[in-house]
Amino acid sequence: MNILIAGASGFIGTILANHLSKNHNITVLGRDLNKLQAIFSKNIQKIAWNKLMSHDANQYDLIINLSGSNIGAKSWSTKVKKELIESRTKTNQQLTEWLVNSHAKPRFFCANAIGIYGAQDISTKSFDEETILPRSSDDFLQHIGLLWEQSLQNAIDAGIPVTTLRFGVVLKKNEGMLKKLELPFRLGLGSILGGGKQALSWIYYKDLINAIDFLMEHREIVGPINVTSPYPTTQAEFAQQLAKALKRPLLLKTPAFFIKIIFGEMGDYLLLKGQRVLPKRLDALGFKFIYPRIESVLFEEFQKNL
């Protein structure tokens, strides 16, 4: 297949592009051409966003958009919130305009996040692709998720087959959340955050890549897909398993009020709230998770090669 990946320079995009390039023709799309050339090998084509409109859209069988500024990199000021939204919605709109102007209708996979389901303090309710809490005016992560998917409506109206990938927290050593947590946990400074009962819906990066391979093989699949483990955990359970994998004690508890003082709204929603999300459609389609449980993932990343 001929595949274009936008947002390929990020953690997931880099792994995915290199994986798919073994069997497909890959083009990566980004703002900084020099950065793309430094990251990717010569067999992967590179294109800058400012050249997109003059690029041939009809050559592609699949578009994958993983674009989006890091949700946890900066405190959520008004300016940062605008950047977080526009880095997701405007890239969808630009890709859609490019495809529609070219009368091209490749499959279109777009990232989203499980924040779309709405935040909960305690994991009392499970969500699948059809269950979303009523929209909350205070829930910025849900607001992003809904706008993210709404920005695809013009593509859907144009007859482009759109699949939205609602990712849980993606786990890989030296990347994302595990990169931030490994050092404090190794130092014995790991902590249960708040009450520890907030849900953590996650996916191991190897299962994420396998899920995308699976969806590529099933051309009939459109609409939202939860890319999460079938066994979500809680923050306390995750902390206990990470400490165990690193052979370190878990002695600390960080009060919720302290997290809110230090991290504000971002800390409240990223650290103290969560969603218990299940991959109902992947299960129904027969996808098999290789690493469905958190303890097997943490063993794979921190113990297997010792």
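What to note about this one:
- At a probe radius of 1.4 angstrom, the accessible area of the chain per residue rounds to 48 square angstrom.
- Bridge type composition, region 1-130 - antiparallel percent by DSSP, nearest 5: 0 percent
- Once all protein chains are placed together, Met53 keeps about 90 Å² accessible to a 1.4 angstrom probe.
- Candidates Ile261, Leu242, His218 compared by Cα position along the dipole of region 202-263: farthest toward the positive end lies Ile261, with charges placed on Cβ.
- Expressed to the nearest 5 percent, the antiparallel share of DSSP beta bridges inside the chain is 10 percent.
- With an a/c value of 1.5 or above and a/b not larger than b/c for the gyration tensor axes a ≥ b ≥ c computed over the alpha-carbon atoms, region 175-306 is described as oblate.
- Relative intensity, log₁₀ I(q)/I(0), of the chain from a Debye sum that treats every alpha carbon as a point, q = 0.14 Å⁻¹: -1.11
- Relative to the dominant Cα principal axis of the chain, helix 78-101 is inclined by about 30°.
- log₁₀ of I(q)/I(0) at q = 0.12, 0.15, 0.21, 0.22 Å⁻¹ - region 120-251, Debye sum with one point per alpha carbon: -0.60, -0.89, -1.35, -1.40
- Thr96 exposes around 10 Å² of accessible area when a 1.4 Å probe is run over every protein chain in place.
- When you filter the trypsin sites (Lys or Arg not before Pro) in region 192-266 for DSSP loop state and at most 12 other Cβ atoms inside 10 Å of their Cβ, you are left with Arg219, Lys247.
- In this simple spin-label model, placing a label point 7 Å from the Cα along the Cα-to-Cβ direction at both Asp61 and Asp283 gives a separation of 3.1 nm.
- Ranking of Glu220, Glu301, Glu295 by solvent-accessible surface, largest first: Glu220, Glu295, Glu301 (1.4 Å probe, protein heavy atoms only, all chains present).
- Only Lys, Arg (+1) and Asp, Glu (-1) charged, at Cβ; the chain dipole about Cα centre in debye: 900 debye
- Lys, Arg +1 and Asp, Glu -1 on Cβ, resulting dipole of region 117-231 about Cα centre, debye, nearest 20: 600 debye
- A simple spin-label model places pseudo-atoms 7 Å from Cα toward Cβ; at Asn2 and Thr131 they are separated by 4.3 nm.
- Restriction of the chymotrypsin sites (Phe, Trp or Tyr not before Pro) in region 264-306 to DSSP coil positions whose beta-carbon has at most 10 other beta-carbons within 10 angstrom yields no sites.
- Entries of Lys90/Lys179; Lys46/Lys180; Lys22/Lys206; Lys74/Lys125; Lys82/Lys179 with Cα pairs more than 24 Å apart: Lys90/Lys179; Lys46/Lys180; Lys74/Lys125; Lys82/Lys179
- Options Trp202, Ser296, Ala57, ranked by Cα towards positive dipole end of the chain, top entry (Cβ charges): Ser296
- Put the Cα centre of region 18-78 next to the Cα centre of region 275-294 and the gap is 27 Å.
- Equivalent ellipsoid semi-axes - Cα gyration tensor, region 52-155, angstrom: 29, 17, 10
- Computed from Cα positions, the angle between helix 140-150 and the longest principal axis of the chain comes to roughly 20 degrees.
The values are calculated or read from the model by the stated rules, or taken from the named source; none is laboratory data. All values derive from a computational prediction rather than experimental measurement. Positions of Cβ are backbone-derived with ideal geometry, glycine not excepted, and every protein chain shown enters the neighbour counts. With ligands, DNA and RNA removed, areas are computed over all heavy atoms of the protein, side chains included. Shrake-Rupley method; radii C 1.70, N 1.55, O 1.52, S 1.80 Å.
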